[in-house]
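Down below is the structure, laid out as structure tokens.
Just so it is clear, none of the values below were taken in a lab; they were calculated from the coordinates. Bear in mind the structure is a predicted one, so any value in this text is a computation, not a measurement. As a convention, Cβ positions derive from the backbone with ideal geometry for all residues, glycine included, and neighbour counts pool all protein chains shown.
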Amino acid sequence: MPDAVLVFIVIVAGLLALDLGVFHRKAHKVSMLEAVGWTIFWMACALLFNVGIWAAYEHHWFGLIPRPDLAHHPADAMDAALQFLTGYGFEKALSLDNIFVIAVTLRFFRIPEERRHRLLFWGIIGAVVLRGLFIYAGIALVEKFTWLFTVMGIVLIISGLKLFFAGESDDDPEQSRIYRFFTRRLRVAEGDHGARFLVRQGGKLFATRMLVALLMIEVSDVIFAIDSIPVIFGITLDPFIVLSSNIFAILGLRSLFFVLERALVQFKHLKRAVTVILVFIGLKMALHEYLPMPTWVSLTVLGASVAVGIALSLRTRPTPAH
């Protein structure tokens, strides 16, 4: 497993270096065409990596082997590839709410569009590190205390139901505890300081609004991870598949944000799709001993939920006034 993780880290580091060091060396406003292109690129990378998952488990590369003797682990190479694809799809769907929070945060701090890629790039770096730590800690706990698997399922069901019955709310970052926590404990410089995260004024170090925005995005990702990581546990407990599918979903989050930032408000029923996903995976985890479900069932529920959410949103979308 360490060999596989090392190879994966090298691949991810190479992709991120190519992204920031070659294609986005200069700050600029990301156009819709560029955002769509990068979204396709990251999805293509995930699908190509999925082929590598199949080959690695088929030929036992880097110590990766199927474990049909263990519950919630891939039984063979095809099952491993299907688990990766399903986990990746679920994480993508659950990232929609996170994208909305990021959009609200960037608007609140008045981050210019040409600086948003840099800010989100470092946000992704932080999310990758934190998710990796959460995933391995979570798997270790679930394998040691098997009853936690059922508890996580119940928590997901409750989260899904709360989200379903929650009314529409206008999120105001200024009223959030996260914002108050950072602004009370950090010296925040007034005005615009470009793309810098820290500035020195009067011999003292001050945080800029770029840094506060970054910290708020990182904390919001941690909060979303509380729901999203147990969801992937409902698909598989194979550490490498959990880690790689989750990280690949995060890598494409930045470009997906630029695609969906304005359109997400119109697809209001996608939030209902997220609630269905949470409740379904919660039921699957809570009832795993009595009603085991193959991975393809989860993938089918994911596709159907998102498709119905998009269809309902398009059907109820208000007609623009002429």
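Taken about its Cα centre, the range 135-234 carries a charge dipole of about 640 debye when Lys and Arg each add +1 at the Cβ and Asp and Glu each add -1 at the Cβ. Given their separation in residues at 0.36 nm each and the Cα-Cα distance between them, Leu6 and Thr183 gain 59.9 nm when the chain is fully extended. The value of relative contact order for the range 1-115, using C-alpha pairs under 8 Å at least six residues apart, is 28 percent. When the pairs Lys144/Lys271; Lys92/Lys271; Lys92/Lys284; Lys29/Lys204 are compared against a 22 Å limit on Cα-Cα distance, Lys144/Lys271; Lys29/Lys204 fall above it. Pairs of Cα atoms in the chain fall into 20 Å distance bins, from 0 up to the last occupied one, in shares of 30, 58, 12, 0 percent.
Placing unit charges on the Cβ atoms of the charged side chains and taking the dipole of the chain about its Cα centre, the candidate lying farthest along the positive direction among Leu302, Val36, Phe149 is Val36. Remark: relative contact order (the range 2-316) = 29 percent; criterion is Cα-Cα distance under 8 angstrom and separation of 6 or more residues.
Each of Ile178, Phe240, Tyr136 was scored by the projection of its Cα onto the charge dipole of the range 2-316, and the greatest displacement toward the positive side belongs to Ile178; charges sit on the C-beta of Lys, Arg, Asp and Glu. Rounded to the nearest 20, the Cβ-based charge dipole of the range 1-139 about its Cα centre (Lys and Arg +1, Asp and Glu -1) stands at 860 debye.
Farthest towards the positive end of the charge dipole of the chain, among the residues Leu278, Phe258, Leu198, is the Cα of Leu198, using unit charges on the Cβ of Lys, Arg, Asp and Glu. Highest mobility in the GNM of the chain, judged by mean-square fluctuation with C-alpha springs under 10 Å and restricted to Ile65, Ile135, Ile277, is found for Ile65. Per residue of the chain, the DSSP helices (runs of n ≥ 4 H) give a summed -39500 (n - 2.57) that works out to -24000 deg cm²/dmol at 222 nm. Principal-axis analysis of the Cα atoms of the chain puts helix 77-108 at an angle of about 20° to the longest axis. Net charge in the neighbourhood of Asp79 (other residues with Cβ under 12 Å of its Cβ; Lys, Arg +1, Asp, Glu -1) is -2.
About the centre of its Cα atoms, the range 2-316 shows a dipole size close to 1340 debye [charges on the beta carbon of Lys, Arg (+1) and Asp, Glu (-1) only; nearest 20 debye]. Axis of helix 239-251 versus longest Cα principal axis of the chain: the two differ by about 30°, to the nearest ten degrees.
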